[in-house]
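A.B. asks: Please read through the structure below; I'll follow up with questions.
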Amino acid sequence: MASFEPVIGLEVHVQLKTKSKVFCGCPTDFGAEPNSQICPVCCGYPGVLPVLNRSAVEGLVRTALALDCRVNSRSVFARKQYFYPDLPKNYQISQYELPLAEHGHLDISTEAGPRRVRIHRIHLEEDAGKLLHAIGSRALDYSLVDLNRTGIPLMEIVSEPDMHTAEEAAAYMEGLRAVLRYLGVSDCDMEKGFMRCDANVSLRPAGTTGLGTKAEVKNMNSFRGVRDALAYEIERQTDLLEAGQKIVQETRLWDAQKGSTHSMRSKEEAHDYRYFPEPDLVPIELSESFLDELRRSLPELPSVRRTRLEKERGLSGYDAGVITAEKPLADYFEQALAAFEEPLRREAAKPLANWLTTELLGRLHAAQKGIEESPISSRRLAALVRLVLKGTVSGKTAKTVFDDMFAGGGDPETIVEQKGLTQIEDEVLIGRWADEAIAGQPKSAQDVKAGKAAALGALVGAVLKKSGGRANPQTVQRLLKQKLGAS
Ligand SMILES: [Zn+2]
């Protein structure tokens, strides 16, 4: 049986974070009273004129530069015409033939290795309103229209069909979100609709380069939804083709509850939008100095920062990926690391990454807090790691200190001093506990003498217990081996 290769392209709509809408002065606050943020312009009254919001253009162009796109120095708006009750003008101002940016790419990392996804184009458009068919769980026999969202600036980022698995598509979405959040151009919260995604999915015989008949999948409202919906759709199309059936070109809606996609409309009902240039807006013309200014405003981007942390700091790809996924997290890590002087800084990077990604992030996640709300500052986490590296406390004791720091704040040095948690290095004292442990477990002692290295663990454990967990484990091990003549 021939095997098939999935081909996926994504169209992502991102709400640009601006104070006002794209063609009028209405505010863009999320969750406001319905129809409280509207005016004659965004409601499409006759005779009004749109005025372009400069910061929406800046947000889009900064995104385009970060994604290595070619920014067109001249671009035009177009009217995309269709009738729907959430669109008061009966057309949406968008861009068609001359978008703001084209031909970029985003490098993503997947379990199978790095991948490059090409960006086809990025254009600016306005959002439509929202229809309500129910209030809470009560279904209505009429529909309500909320136009607060009408005229919110959106950028549509269209990828080339360069992804071949649901995981790659999810990694692309996550990579895109990371870049957009680093830039500060959008919050990218999918649950709030700040980032939406439609996917074109088709299959072709493995080893060929043509494109099969595609289905468009919509209504994926979370990163998890993207992964699940695409995995489902790939399986659905594979089953059909393997059974000798044909794929129908259609739009399918993802149902997260049922875990399946279902047909919404077929190609025959597809719209002809009758695009034509928007006569009320002049073309956008961007000067070189404007582009240079935005180019200079770009921060170090996540993929660059990730590679730098791997190379400069010796972090694993996984740790570097977790740490650089969010800018505040990467900033926290680098601030903590800056508290160390060389050569200790080199040594501190790896344990610091461990404390951050496993202990601190785990705790913050459980408490539903972000890194900005961490009760442990970067300086204090660095101080804790320093105590471990210098041997002042054992790794085990450090966890107790960490718990105290997370619960009540406070300096690790003060906690260690007040609770008497300093690691015990005294060889006379440790030697005495070692003698007691050997006397208490003659069988284990015999085993170690007979060359069974594994038996040493029980004796080390006994000594650590006698010391209240404070004896330096390396010293304990060394002294026990010495006394038992083991190497
Ligand atoms: Zn308005």
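Each value in this text was obtained by applying a stated rule to the coordinates, not by laboratory testing. For clarity, every value in this text was computed on a predicted model and none was experimentally measured. Virtual Cβ from ideal backbone geometry, glycine too; neighbours counted across all protein chains shown.
A.B. asks: Which shape class applies to segment 302-419: rounded if a/c is under 1.5, otherwise prolate when a/b exceeds b/c and oblate if not, where a ≥ b ≥ c are the square roots of the Cα gyration tensor eigenvalues?
C.D. replies: oblate
A.B. asks: Now for a different question. Compute the angle between helix 427-440 and the longest alpha-carbon principal axis of the chain, please, reported from 0 to 90 degrees and rounded to the nearest 10.
C.D. replies: The answer is roughly 80 degrees.
A.B. asks: Still on this structure, please answer the following. Relative to the longest principal Cα axis of the chain, at what angle does helix 344-354 sit, 0 to 90 degrees, rounded to 10?
C.D. replies: It works out to around 70 degrees.
A.B. asks: Using Cα atoms only, what is the angle between the long axis of helix 327-338 and the major principal axis of the chain, expressed in degrees (0 to 90) to the nearest 10?
C.D. replies: Compared with the principal axis, the helix lies near 30 degrees.
A.B. asks: With labels modelled as points extended 7 Å from the Cα through the Cβ direction, what inter-label distance (nm, one decimal) is found for Lys311 paired with Ala112?
C.D. replies: The modelled label-to-label distance comes out at 2.7 nm.
A.B. asks: Along Cα→Cβ, 7 Å out, is where each label goes; now give me the distance between the ones at Lys390 and Glu160 in nm to one decimal.
C.D. replies: About 5.5 nm separates the two model spin labels.
A.B. asks: Estimate the FRET efficiency between Ser260 and Glu341 by the formula 1/(1 + (r/R0)^6), using the beta-carbon distance for r and 60 Å for R0, to the nearest 0.05.
C.D. replies: Computed FRET efficiency for Ser260 and Glu341: 0.55.
A.B. asks: At a Förster radius of 56 Å, what calculated FRET efficiency corresponds to the Cβ-Cβ distance of Glu293 and Arg432, to the nearest 0.05?
C.D. replies: 0.20
A.B. asks: Give me the Å³ per residue figure for the convex hull around the C-alpha atoms of the chain.
C.D. replies: Spelled out: Cα convex hull of the chain, divided by residues, is 230 Å³.
A.B. asks: Could you let me know the centre-to-centre spacing of segment 393-413 and segment 94-121, using Cα atoms, in angstrom?
C.D. replies: Using only Cα atoms to place each centre, the spacing works out to 45 Å.
A.B. asks: How far, in nm, would the chain grow between Asp403 and Gln249 when pulled straight, counting 0.36 nm per residue and subtracting the alpha carbon separation?
C.D. replies: Full-extension gain reported as 49.8 nm.
A.B. asks: Is the C-alpha gyration tensor of segment 4-293 telling us rounded, prolate or oblate? Criteria: a/c under 1.5 is rounded; beyond that, a/b larger than b/c is prolate, otherwise oblate.
C.D. replies: Taking the square roots of the gyration eigenvalues as a ≥ b ≥ c, segment 4-293 is oblate.
A.B. asks: Could you go through segment 209-224 in sequence order and give the Karplus-derived ³J(HN,Hα) for each residue, using 6.51 cos²θ - 1.76 cosθ + 1.60 with θ = phi - 60°, rounded to whole Hz, and x for Gly and Pro?
C.D. replies: After applying 6.51 cos²θ - 1.76 cosθ + 1.60, I find 10, x, 10, x, 5, 9, 10, 9, 9, 10, 6, 9, 9, 7, 5, 4 Hz.
A.B. asks: Quick check on packing: order 77-84, 347-354 by the mean number of other C-beta atoms within 10 Å, highest mean leading.
C.D. replies: Order by mean packing, descending: 347-354, 77-84.
A.B. asks: While we're on this one: Greater than 24 Å separation of Cα atoms is the criterion. Which listed pairs, Lys130/Lys369; Lys17/Lys327; Lys192/Lys214; Lys327/Lys369, meet it?
C.D. replies: Lys130/Lys369; Lys192/Lys214
A.B. asks: Less than 28 Å apart at the alpha-carbon level, and either on another chain or at least 8 residues along: which lysines does that give for Lys466?
C.D. replies: Within reach: Lys390, Lys396, Lys399, Lys419, Lys443, Lys449, Lys452, Lys481, Lys483.
A.B. asks: With a Förster radius of 35 Å, plug the Cβ-Cβ distance of Glu373 and Leu52 into 1/(1 + (r/R0)^6) and report the FRET value to the nearest 0.05.
C.D. replies: 0.40
A.B. asks: If I model a spin label at Gln446 and Ser73 as a point 7 Å from the Cα along the Cα→Cβ vector, what separation in nanometres do I get?
C.D. replies: Calculated label separation equals 9.0 nm.
A.B. asks: Now, a different point. Over all directions, the average projected area of the alpha-carbon convex hull for segment 384-487 comes to how many nm²?
C.D. replies: Projected over every direction and averaged, the Cα hull of segment 384-487 covers 6.7 nm².
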